[in-house]
Structure formats: structure tokens, C-alpha cells
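Quick notes on the structure that follows.
Just so it is clear, none of the values below were taken in a lab; they were calculated from the coordinates. Every value quoted in this text rests on a predicted model; they were computed, and no experiment measured them. Because the Cβ atoms are built from the backbone with ideal geometry, glycine has one as well, and the counts that use them run over all protein chains shown.
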Amino acid sequence: MTSLASPTETGNASHFSQRILRRPAVEQITGLPRSSIYAEMKKGTFPQSVKLSKRAVGWFSGEIDMWMQRRIEGRAAQDNKADSNIA
């Protein structure tokens, strides 16, 4: 699985040029409700949020994009597997 490390852990300053998405935007982009986002974060299968202030968190847009891409690739792999089972 691809690492979901934070920009400071990766040492890659280019992450900082990305947008920080607040939870409603993440819900809209992913189609997941709040409870699922936090459950997936706890399991380590969703990008971790970054604390913005005492009561605010956000997610790096690039990490959400990568998560979405992995979901798409996983679906394509499942489709290919199903197709090979039919043949």
C-alpha cells in the first residue's frame, strides 16, 4: 500500500503548494460520510488529517487524490479479475 506520510515526514515541500481540504469538501469528493472517513483513518486506509487549529482539521488535496486513484485502480483490477473468471 502507498504510504500516507505527511509532508514533513516525506521531506517534500511540494505538498505545501496543494490545497488543504476541510471535511465537507472531503466528504463531497469521496462520497463518504464523516463516520466512514474517521473509521478508515483509524484503520490506516484513508489519509490522516492535519490539525489546522484547536478545533479544525483538513486533508492535503494530493493525498485525497491519491486515495481516489487507488480506489479506481482497485476497481479496475477487480474488473479484470472478473473478466478472466468469465473466460
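The table that follows gives values for the structure above.
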{"read-out": "Integer Hz, Karplus 6.51/-1.76/1.60 couplings in order for segment 22-34, x for Gly and Pro", "value": "7, 3, x, 5, 5, 4, 5, 5, 8, x, 9, x, 3"}
{"read-out": "In Hz, Karplus ³J(HN,Hα) per residue of segment 50-57 (6.51, -1.76, 1.60; θ = phi - 60°; x = Gly, Pro)", "value": "10, 6, 9, 7, 4, 10, 10, 10"}
{"read-out": "Label-point separation, R22 to S53 (7 Å along Cα→Cβ), nm", "value": "0.9"}
{"read-out": "In Hz, Karplus ³J(HN,Hα) per residue of segment 58-72 (6.51, -1.76, 1.60; θ = phi - 60°; x = Gly, Pro)", "value": "x, 10, 5, 4, x, 5, 5, 4, 5, 4, 4, 4, 4, 5, 5"}
